[in-house]
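Contents: one structure, followed by commentary.
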Amino acid sequence: MAAEISDRVREIAEARDLPESEVFERALERGLEDLWEELVLARYLDGELDREEAIERVGRTKVKRAEQERELVEEDVDWGLNA
């Protein structure tokens, strides 16, 4: 796994003409951003964070998408229980 990651980093660095350290930095930033958004949305959907605060932290589009996804899952569960 470590060798595969190293190979990917090297290939990206060469293709983008960047130092490998910058590729790692960008990957870390993207990963942290994804984890942050997941945390904020989970807290919102669990009722630990109000809607406006969630929108302020991750944006209206992402909050709306999370609401729609939750609604679809609830519809599927209802359908499954009543089928």
**OP:** Could you please put Arg60, Arg43 in sequence from largest to smallest accessible area, using a 1.4 Å probe?
**Re:** Arg60, Arg43
Original post:
Any idea what the relative contact order of the stretch 1-75 is, in percent, if you count C-alpha pairs under 8 Å spaced at least 6 apart?
Top reply: 17 percent
**OP:** Against the globular-protein guess of 2.2 N^0.38 Å, express the Cα radius of gyration of the chain as a ratio, rounded to two decimals.
**Re:** 1.59
**OP:** Apply the Karplus parameterisation 6.51 cos²θ - 1.76 cosθ + 1.60, with θ equal to phi minus 60°, to every residue of the stretch 77-83 and state each ³J(HN,Hα) to the nearest whole Hz, in sequence, with x for glycine and proline.
**Re:** 5, 4, 4, x, 6, 10, 6
Subject >> Heavy atoms of Glu33 accessible to a 1.4 Å probe, total area in Å² rounded to 10 >> reply: 90 Å²
**OP:** Using a Gaussian network model of the chain whose springs link C-alpha atoms within less than 10 Å, name the residue from Leu45, Leu32, Leu18 with the highest mean-square fluctuation.
**Re:** Leu18
Original post:
Along the charge dipole of the chain, which of Trp36, Leu81, Val9 sits closest to the positive end, that is, farthest toward it, with unit charges on the beta carbon of Lys, Arg, Asp and Glu (+1, +1, -1, -1)?
Top reply: Val9
Subject >> Accessible area per residue, Å², the stretch 11-83 with all protein chains present, probe 1.4 Å >> reply: 83 Å²
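Could you compute the net charge surrounding Leu45? Neighbours are other residues with a C-beta less than 14 Å from the C-beta of Leu45; K and R count +1, D and E count -1.
-3
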Original post:
Rounded to a whole number, what % of the accessible area of the chain do carbon and sulfur atoms account for, probe 1.4 Å?
Top reply: 50 percent
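The values are calculated or read from the model by the stated rules, or taken from the named source; none is laboratory data. Given the structure is predicted, the values throughout are model-derived calculations rather than measurements. We place every Cβ from the backbone using ideal geometry, glycine too, and count neighbours over all the protein chains shown. Heads up: the accessible areas ignore ligands, DNA and RNA and are worked out on the full protein's heavy atoms, side chains in. Shrake-Rupley method; radii C 1.70, N 1.55, O 1.52, S 1.80 Å.
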